[in-house]
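Please read the structure below before turning to the comments.
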Amino acid sequence: MMTISPSLISPDLSLADIPLEETLSLGVMASGSGSNFAVLAAAIAKKQLNARIPVLIYNNPDAKVKEKAADYNIPAVFLDHRQFNPREELDRAIVETFQEYGVKWVIMAGWMRIVTPVLLDAFPDRVINIHPSLLPSFKGVRAVEQALAAGVKVTGCTVHIARAEVDSGPILMQAVVPILPDDTATSLHERIQVQEHRIFPVAIALAAKLGL
């Protein structure tokens, strides 16, 4: 029986394959635990990724990501999305904050809000998102549960340039994760996250190298 390696990624690259001469200035947005944020911060600290994170923006007061930012001495700015209506007002505040900190690339590392052209137009082709499915399949929330319900045999994760349509835009990297017979949403999501952590910093470096 043919099997699919849980480490299959496309393109098959590592950070060592994509040296960057210019230091990237990354503004990160996150809503939850911040595991992908921590992966980026660690890669920078280890000098594997030539970048800096001058600021983190988070929108959930209970988000653990703010603690991870503190671990790396990265300023964290709280913007409560409930205080902004319409959502374009939140994005204006995000743009102002990022411009204040000299951000050049916007990284959505588990940002659980829909972004608008206000943000996308301020950083054209420089807003990067990560999503727990093989896009264009299973867009939107609960992508892992969608994959299980559909009965597909593989899923994975995608890093892409964000567009106004949710979970759309040019794909930078993907990693395949097989779905096991006894998988739950929790077990499958944990294995997807392993691959997210592998490809996220590489995809960001790739986007910069390609001049996107």
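For the reader, a short list of remarks on this structure follows.
- Matching residues, the range 34-63, being more than 23 Å from Leu13 (Cα to Cα) and under 16 Å from the mean Cα position of the chain (by Cα): Gly34, Val55, Leu56, Ile57, Tyr58, Asn59, Ala63
- Residues of the range 173-185 satisfying the condition of being out of contact with any Lys or Arg (no Cβ under 9 Å at 6 or more places or on another chain) and either within 14 Å of Met108 (Cα to Cα) or loosely packed, with under 14 Cβ neighbours inside 10 Å (or both): Pro181, Asp182, Thr184
- Of all residues in the range 100-124 being surrounded by fewer than 19 Cβ atoms within 10 Å (Cβ to Cβ) and closer than 21 Å to Lys66 by Cβ, the one that is nearest to the chain's Cα centre (by Cα): Met112
- Selection from the range 25-51 of residues that are farther than 19 Å from Met112 by Cβ and either in a loop (DSSP other than H, G, I, E, B) or acidic (Asp, Glu) (or both): Lys46, Lys47, Gln48, Leu49, Asn50
- Of the residues screened, Ala45 is not one that is touching a Phe, Trp or Tyr at 6+ places or on another chain (Cβ under 8 Å), within 28 Å of Arg82 (Cβ to Cβ) and either surrounded by fewer than 16 Cβ atoms within 10 Å (Cβ to Cβ) or at pLDDT 95 or above (or both).
- Residues that are loosely packed, with under 15 Cβ neighbours inside 10 Å and either assigned by TED's automatic domain parsing to the domain that holds Leu40 or not β-branched (Val, Ile, Thr) (or both), drawn from the range 186-208: Ser187, Glu190
- Candidate set: the range 147-166, residues that are touching a Phe, Trp or Tyr at 6+ places or on another chain (Cβ under 8 Å) and buried (at least 18 other Cβ atoms within 10 Å of the Cβ); chosen: the one farthest from Pro181 (Cα to Cα): Val159
- Residue count, the range 157-178 (criterion: without any contact (Cβ under 8 Å) to a residue 40 or more places away in the chain and within 16 Å of His197 (Cβ to Cβ)): 1
- Scope the range 110-145; condition without any contact (Cβ under 8 Å) to a residue 60 or more places away in the chain and either closer than 12 Å to His189 by Cβ or in contact with a strand residue (DSSP E or B) (Cβ under 6 Å, 6 or more places away or on another chain) (or both); matching residues: Leu120, Phe123, Val127, Asn129, His131, Ser133, Leu134, Leu135, Arg142, Ala143, Val144, Glu145
- Hits in the range 52-75 - residues which are of a type in the set (Lys, Arg) and either in a helix (DSSP H, G or I) or not assigned by TED's automatic domain parsing to the domain that holds Gly27 (or both): Lys66, Lys68
The values are calculated or read from the model by the stated rules, or taken from the named source; none is laboratory data. As the structure is a prediction and not an experimental result, all values here were calculated from the model. When we count neighbours, we look across all protein chains shown, and the Cβ atoms used for this are built from the backbone with ideal geometry, even at glycine.
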